[in-house]
Amino acid sequence: MARRKTPTVEYTINGVTRERKKRTETFGTLEMLKSGKWRVKYYLNGHRYATPAFDDKMEAERCRAALEAERRAGTLKPPAAIKATNFKEYAHTWVEQHRTSKGKPLAPRTKAENLRMLSNGLSFFNPYSLTDIDAPLVRKWHAQRCKNAGATTAGNEARVLKAILQTAVNDDVLEKNPVPGELTRSKTGKEHHAPTTGELKRILDHLEGQWRVAVLIAAFGGLRAGELSALERRDIEVRNGRVVIRVTKQAQWLDGEWIVKPPKSVDGVRFVTLPEWITPDVETHLRRNVGQFPNCRVFVPRRGAKYVSTATLGRVLHKAMADAGIDAPIHWHDLRHFFGTNLAKSGVGIKELQAALGHGTPAASLSYLEQEHGLTAELANRLPRLDDSSSLIVFPRKATA
């Protein structure tokens, strides 16, 4: 029986005609994903499609061969199951199911903030499928968002968008994340800083009553605004002439109601000891303005509100700054930065700084050390001068035979 002749094609190189084996056309290509899985990509009627991911390359090859057989038979149709996922549906599912690096669900406030972003700036992507979102589209949205809402808002929303689409990459829905990294670092350039000792003294001179005590506790105890609002009489006691505050909870305004929850991290539950010279101010405030029951709130809001909001604290601070003639970008949270930076100046270690601030990781506390340029200058001054031979350290050399 005669063997079937292999089809060949002719080609010419430098005037010499040769023959080569005709390449067999295959339908679709195999693609290895970052997860190690495989999928089949193919074109049909001018549109590109991709199959779900397979754990094994041979499974993907069998799927490709089956698709090729259907195409040759004329029965291959665009699969409805490969329709691109809508961004709006995927993003809202992401908010509900996303877990932090520690495996915990998103905090209520973080979840509400993400949903707010999806309803505002990120609603631009609602009509699009995930596969239709590319870098040029993201850059176009970011430019418009910077113009309408500011660079900081655009950067915050870009970070959430990048996190959502990164999950889509991990789910093998997208090949790569289309959000450029530089867009997530957008800032307005309006930096705020911790007040100086002189500025803080002038602010305190224009405050009295509970607001003066609130500023003292925030600046010399490092309490967050929510932790300050949730303080009760039983959380404060005087030991050996010093005020000791037990921080166990914080109050937050969320979705039109106040919620009381544990501090931002597990390490946020802590004891804070204030300087001795603050004790008279705190004792006077407790005696005059706070009820005698253990659950009486230390700081009472006006107009019948349940807790003192961060906005109220900010207005109190800015009014005192205006009365003192201070025109500086200082916000209420910067009082906590005053506490952290001054601890860093005093030379405390990273572990002590982390415990005092109630940070969950040393990295958060390390920023106070990195931002404190005075420490860097002090350490630099300890290095020897090259023009002063007396400051050089001479190491003896080993004797050679």
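Bear in mind that the values in this text are calculations on the coordinates, not laboratory data. All figures in this text were calculated on a predicted structure; none of them were measured in a lab. As a convention, Cβ positions derive from the backbone with ideal geometry for all residues, glycine included, and neighbour counts pool all protein chains shown.
Determine, from the Cβ-Cβ distance of Arg288 and Asp132 and an R0 of 51 Å, the FRET efficiency 1/(1 + (r/R0)^6), rounded to the nearest 0.05.
In this case the efficiency is close to 0.20.
Using 0.36 nm per residue, how much length does the chain from Ala322 to Gln166 gain when fully extended, once their Cα-Cα distance is taken away? Don't skip to the end; give the middle numbers.
On the way: separation 156, 0.36 × 156 = 56.16 nm, distance 4.52 nm.
Result for the pair: 51.6 nm of gain on full extension.
Provide the net charge surrounding Ala143, with neighbours chosen by a C-beta distance below 14 Å and charges set as Lys +1, Arg +1, Asp -1, Glu -1.
+2
If I model a spin label as a point 7 Å beyond the Cα along the Cα-Cβ vector, how far apart are those points for Thr196 and Arg242 in nm?
2.9
Return the FRET efficiency for the residue pair His98, Ala73: r is the Cβ-Cβ distance, R0 is 60 Å, and the value is rounded to the nearest 0.05.
Plugging the Cβ-Cβ distance into 1/(1 + (r/R0)^6) gives 0.85.
Where a ≥ b ≥ c are the square roots of the eigenvalues of the C-alpha gyration tensor, would you call segment 108-184 rounded, which needs a/c under 1.5, or, failing that, prolate if a/b is larger than b/c, or oblate? Don't skip to the answer; put the middle values down first.
Numbers: a/c = 1.66, a/b = 1.22, b/c = 1.37.
Here segment 108-184 falls in the oblate category.
For Arg62 and Arg185, what is the calculated FRET efficiency with R₀ set at 45 Å and r taken between the beta-carbons, to the nearest 0.05?
After rounding to 0.05, the efficiency reads 0.50.
Gain in length, Glu31 to Trp258, computed as 0.36 nm per residue apart minus the alpha-carbon separation, to one decimal in nm?
Gain in length upon complete extension: 76.6 nm.
Can you give the local net charge around Glu352? Use residues other than it whose beta-carbon is closer than 14 angstrom to its beta-carbon, Lys and Arg +1, Asp and Glu -1.
+2
Are there any GluC sites (Glu not before Pro) in segment 184-292 that are in a DSSP loop and have at most 13 other Cβ atoms within 10 Å? List them by number.
Those that pass, being in a loop and sparsely packed, are Glu191, Glu208.
Calculate, in nm to one decimal, what Glu10 and Ala355 gain on full extension: separation in residues at 0.36 nm each, minus their alpha carbon distance.
Values: separation 345, 0.36 × 345 = 124.20 nm, distance 7.84 nm.
In short, 116.4 nm is gained.
Could you tell me which trypsin sites (Lys or Arg not before Pro) in segment 251-324 are loop residues by DSSP with no more than 15 other beta carbons within 10 angstrom of their beta carbon?
Listed in order of number, the matching sites are Arg302, Arg303, Lys306.
Loop-only check: which trypsin sites (Lys or Arg not before Pro) in segment 64-141 are DSSP coil with at most 10 other Cβ within 10 angstrom?
Lys102
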